[in-house]
Amino acid sequence: MKRLSLILLGVLMGMIFLPGCSTLKVNYDYDKNVNFDQYKTYEFYGWAKGSEKNINSLDRERVQKAFVNEFKKRGMTYVKDHGDLIVSLFFVTREKTETTAHTTGAGVYGGYYGGYYGYGPRWGWGPGFTYSTTTYTQHEYKEGTLIVNVFDAKAKKLIWEGIATDVLKEKPEGREERIKRAVAKIMENYPVKPLNEKKK
């Protein structure tokens, strides 16, 4: 089981820990021929190799606990071994640069050439012209991407994948809540809805 090969996407986006604003992007894919209600237990495969370079142990634990909570809401039980599903996690980061253009300008319009108070020749309006100045500002930031893959343990195949991308925030304040919100957003697309929603 533990040798299942992970499908690691060449993700060109990023996440963590997540500012709680509209920059969070979520994508997902799944096998539409699978009945997800049949699965009652799951186990964690662990974090894919390389993730430890991009996310510390505290945040790895927070992410895993958030997924445990979300699966619990869907009536699923975490087990150490022999789960119906195997859940793997992967985290990558990417440095990005954003360029912003800001344009300032003014218009100067033609003036009346005629004499004062109606005296002298009236030659009409002269040509107008405009000018503008554009300045460019570059902002460097880091994006992170969290990928969760869910495998059918018996069939040994990927059946669901969720991806969350956002701008990283370095400040630790509120990080746990941001992680919870991000994981909840990913799991909104899981085929099994929370039990309290099913009763409505």
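The values are calculated or read from the model by the stated rules, or taken from the named source; none is laboratory data. Worth saying up front: this structure is predicted, and the values here are computed from it rather than measured. Reconstructed Cβ throughout: ideal geometry from the backbone, glycine too, with neighbour counts over all protein chains shown.
Scanning the stretch 48-59 for residues that are crowded, with 17+ Cβ neighbours inside 10 Å, part of a helix (DSSP H, G or I) and of a type outside the set (Gly, Ala, Ser) yields a count of 1. Take Glu170 and tell me if it is out of contact with any strand residue (DSSP E or B) (no Cβ under 9 Å at 6 or more places or on another chain), at pLDDT 60 or above and farther than 30 Å from Lys32 by Cβ. No. Scanning the stretch 76-95 for residues that are more than 19 Å from Lys154 (Cβ to Cβ) and surrounded by fewer than 20 Cβ atoms within 10 Å (Cβ to Cβ) turns up Thr93, Arg94, Glu95. Scanning the stretch 2-39 for residues that are surrounded by 13 or more Cβ atoms within 10 Å (Cβ to Cβ) and either in contact with a His (Cβ under 8 Å, 6 or more places away or on another chain) or modelled with pLDDT of 90 or more (or both) gives Lys25, Val26, Asn27, Tyr28, Asp29, Tyr30, Asp31, Val34, Phe36, Tyr39. Among residues of the stretch 72-94 being among the aliphatic types (A, V, I, L, M) and more than 19 Å from Val34 (Cα to Cα), the one that is nearest to the chain's Cα centre (by Cα) is Val92.
Take the conditions closer than 19 Å to Val183 by Cα and of a type outside the set (Val, Ile, Thr) and apply them to Glu43. Does it pass? Answer is yes for this residue.
Test Trp123 against the stated conditions and say whether it is modelled with pLDDT under 65 and aromatic (Phe, Trp, Tyr). Considered against the rule, which asks whether it is modelled with pLDDT under 65 and aromatic (Phe, Trp, Tyr), Trp123 comes out as yes. Looking only at residues that are small (Gly, Ala, Ser) and closer than 16 Å to Glu143 by Cβ in the stretch 157-187, which one is surrounded by the most Cβ atoms within 10 Å (Cβ to Cβ)? Here the residue is Ala164.
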